[in-house]
Amino acid sequence: MKRAITAVLMAALMLSGFTFGLPVPYVSAQSSGGWNVLSTFSSGVTAVAGAGAGGPWLAATKAGVFSSPDGRRFARLSSSLDELDVRTAAVLPNGRWFLGTDGDGLYVSGDSGVSWKQDTSLDCVNIAHIRPDRFHPQGLFVASLCHGLYASADAGLTWKGMGKGIGTFFVTDIVQPRAGVLVVSTRDKGLYRSTDAGVSFAALRTPGTSYEWLASDNVKGTLYAAGAGTLIRSTNGGDSWSSVAL
């Protein structure tokens, strides 16, 4: 049971770029047959994103950003990205790719990684997570450590702030367990849930207040939240949480 729990959470954390905060030197993908190493790199991988199981794939490392059309061979993208501290990434099927950094904000490519530009419209330099909207192909969410939560309905062309009821600007992650429901983690105020597609949020009762990553088992409806040395689980949509031994 513990192995299964760890596999679910690790899958989410790998795709968000970190394994409990530690960069890893490889990119992996999961299928029905288990995990397969897609590529190895000379330095730690800090973020991974893909547009479905077949790709394309985007991988950020401590020594540059790479892409692959199918996960078999990765090529380095623009050297202008080499100095960025990339923490999260997202790939949309329409060729719009995103990198979220610690210190330089959000970077966007409209041509599948050929060229990049900094998006300053969020007025934030610390991006914690970028999550594609599971139910709207052009939708995106950004969890930031500057002004909280943002959403886009047009593949990142425009953004709006959201998060009424969230008691902090330090938003670290967001998941969508099902349509219309959002769960948000924060660095200092615990977890929040919206049941009206993000119009308003309410605090959830959790054992702690600081969580950096979220994962959702969309088949069983189980939610996971992880912080520094802490892993908790909910089997009822976030109504109650219990600690998971690691």
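The values are calculated or read from the model by the stated rules, or taken from the named source; none is laboratory data. Bear in mind that the values here come from a model prediction, so they are computed numbers and not experimental data. Note: areas computed on protein heavy atoms with side chains; ligands, DNA, RNA excluded. Shrake-Rupley method; radii C 1.70, N 1.55, O 1.52, S 1.80 Å.
Extension gain for Ser43 to Ser78 (0.36 nm times residue separation, less C-alpha to C-alpha distance): 10.9 nm. Summed over qualifying helices (DSSP H, 4 residues or more, each -39500 (n - 2.57)) and divided by its residue number, the chain shows a 222 nm mean residue ellipticity of -2000 deg cm²/dmol.
Summarising the amide proton neighbourhood of Ala47: residues at separation of 5 or more, or on other chains, whose placed amide H is nearer than 5 Å comprise Ala60. Per-atom-type breakdown for the chain gives carbon and sulfur 53% of the accessible area (1.4 Å probe, protein chains only). Across the range 156-171, rounded Karplus estimates of 3J(HN,Hα) from the backbone phi angles (6.51 cos²θ - 1.76 cosθ + 1.60, θ = phi - 60°) give x, 6, 9, 10, 9, x, 9, x, 4, x, 6, x, 7, 8, 8, 8 Hz, Gly and Pro being marked x.
For the chain, calculate the relative contact order in percent as a whole number, restricting contacts to Cα pairs under 8 Å that are 6 or more residues apart.
Working: 643 pairs, mean separation 23.7, N = 246.
The normalised contact order for the chain reaches 10 percent.
What accessible area per residue, rounded to a whole number of Å², is obtained for the chain using a probe radius of 1.4 Å?
On the way: 11330 Å² over 246 residues.
Here the per-residue accessible area is 46 Å².
In the structure shown, the pairs Lys164/Lys189; Lys164/Lys220; Lys160/Lys220 are assessed against 23 Å; a Cα-Cα span above that value is assigned to Lys164/Lys220; Lys160/Lys220.
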